[in-house]
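Reviewing the structure listed below.
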Amino acid sequence: MIRLLALFGAVALSACNPAQDTTEAPLPGGAWQLAADQSRVAFISVKGGDVGEAHSFGKIDGTVAADGNVVLVVDLASVQTGIDVRDQRMRDMLFETASFPQAKLTAKIDPAALQTLKPGERKAMSVPLTVDLHGTTNSIEARLMVTRLAGESVLVETAAPLIIDASSVGLGEGVEKLRAIANLPAISSAVPVTASLVFTPKG
């Protein structure tokens with residue numbers, strides 16, 4: 001009986017020992033890789049003044065270096081609108097993917113500010129982004145929400161859509177081409193963009 005009580009005591013102490021609770025351990029340092037199959041970049045187009053349509057990209061890639069440098073690459077040819085002919089028009093007329101196949105977003109974060117996040121804990125961040133798209137480079141302030149998931153994964157979401165002006169990123173003429181070929185009265189040049197990105201430790 002004494003040996004049995006001692007065994008139960010050891011188990012209880014082990015369960016209560018914070019050192020054994022790996023879910024509460026700080027996030028690891030080092031580089032991070034985007035889990036593309038769990039991530040999404042989407043945008044909304046508004047035509048005719050009040051008709052909104054949601055679109056997304058099928059291929060994205062990204063990394064966060066150990067020093068906090070963030071790179072997100074979007075394959076523009078992977079645009080998905082739900083209509084094949086519209087996908088092709090966006091590739092050819094809007095993004096001109098033969099000449100500009102990718103959009104690249106870069107940023108800098110402080111890795112130490114995230115390492116102490118516990119599973120389920122969230123942190124709001126405001127991060128300056130540099131957007132390289134269609135031969136242009138622009139800066140935009142992004143409001144983000146970072147959530148630590150179970151284990152060591154991290155979810156980064158836009159807390160508010162990024163409003164991209166098509167004209168300022170070299171897509172103004174492309175928008176006009178789409179409007180003309182679709183015989184629409186207007187297509188808004190203000191494009192809300194959202195992102196939901198999951199990162200896991202690299203290697």
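Summary table below
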| item | result |
| --- | --- |
| Unmet requirement for V70, which otherwise passes all of (1) part of a strand (DSSP E or B); (2) out of contact with any strand residue (DSSP E or B) (no Cβ under 9 Å at 6 or more places or on another chain) | (2) |
| Residue in region 136-148 that is assigned to a loop (DSSP other than H, G, I, E, B) and either modelled with pLDDT of 95 or more or out of contact with any Gly (no Cβ under 6 Å at 6 or more places or on another chain) (or both) present | no |
| Subset of region 66-76 (residues that are surrounded by fewer than 19 Cβ atoms within 10 Å (Cβ to Cβ) and modelled with pLDDT of 95 or more) | N69, V71, V73, D75 |
| Within region 152-169, considering residues that are small (G, A, S) and surrounded by 17 or more Cβ atoms within 10 Å (Cβ to Cβ), the one farthest from K123 (Cα to Cα) | A166 |
| K108 vs. criteria in contact with a Gly (Cβ under 8 Å, 6 or more places away or on another chain) and surrounded by fewer than 15 Cβ atoms within 10 Å (Cβ to Cβ) | yes |
| Within region 96-120, tally of residues that are modelled with pLDDT of 95 or more, of a type outside the set (S, T, N, Q) and part of a loop (DSSP other than H, G, I, E, B) | 4 |
| Unmet criterion (only one of (1) in a strand (DSSP E or B); (2) surrounded by 17 or more Cβ atoms within 10 Å (Cβ to Cβ); (3) among the aliphatic types (A, V, I, L, M)) for M93 | (1) |
| Single residue of R86, R91 found to be closer than 19 Å to K177 by Cα, modelled with pLDDT of 95 or more, out of contact with any strand residue (DSSP E or B) (no Cβ under 8 Å at 6 or more places or on another chain) and basic (K, R) | R86 |
| Top-ranked residue of region 26-59 - restricted to ones that are free of Cβ contacts under 8 Å to residues at least 40 places away in the same chain and assigned to a strand (DSSP E or B), ranked as farthest from D110 (Cα to Cα) | V51 |
| Cross-chain or 6+ apart pairs with Cβ under 7 Å, region 162-177 first and in contact (Cβ under 8 Å) with a residue 40 or more places away in the chain, then part of a helix (DSSP H, G or I) | L171/L94; G174/M93; G174/L94; V175/L94; V175/A166; K177/M93 |
| First in region 183-203 and in a loop (DSSP other than H, G, I, E, B), second anywhere and among the β-branched types (V, I, T) and surrounded by 14 or more Cβ atoms within 10 Å (Cβ to Cβ), Cβ under 8 Å, 6 or more apart | S188/V46; S189/V175; K202/T63 |
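The values are calculated or read from the model by the stated rules, or taken from the named source; none is laboratory data. For clarity, every value in this text was computed on a predicted model and none was experimentally measured. Heads up, the Cβs are rebuilt from the backbone with ideal geometry, glycines too, and the neighbour counts pull from every protein chain shown.
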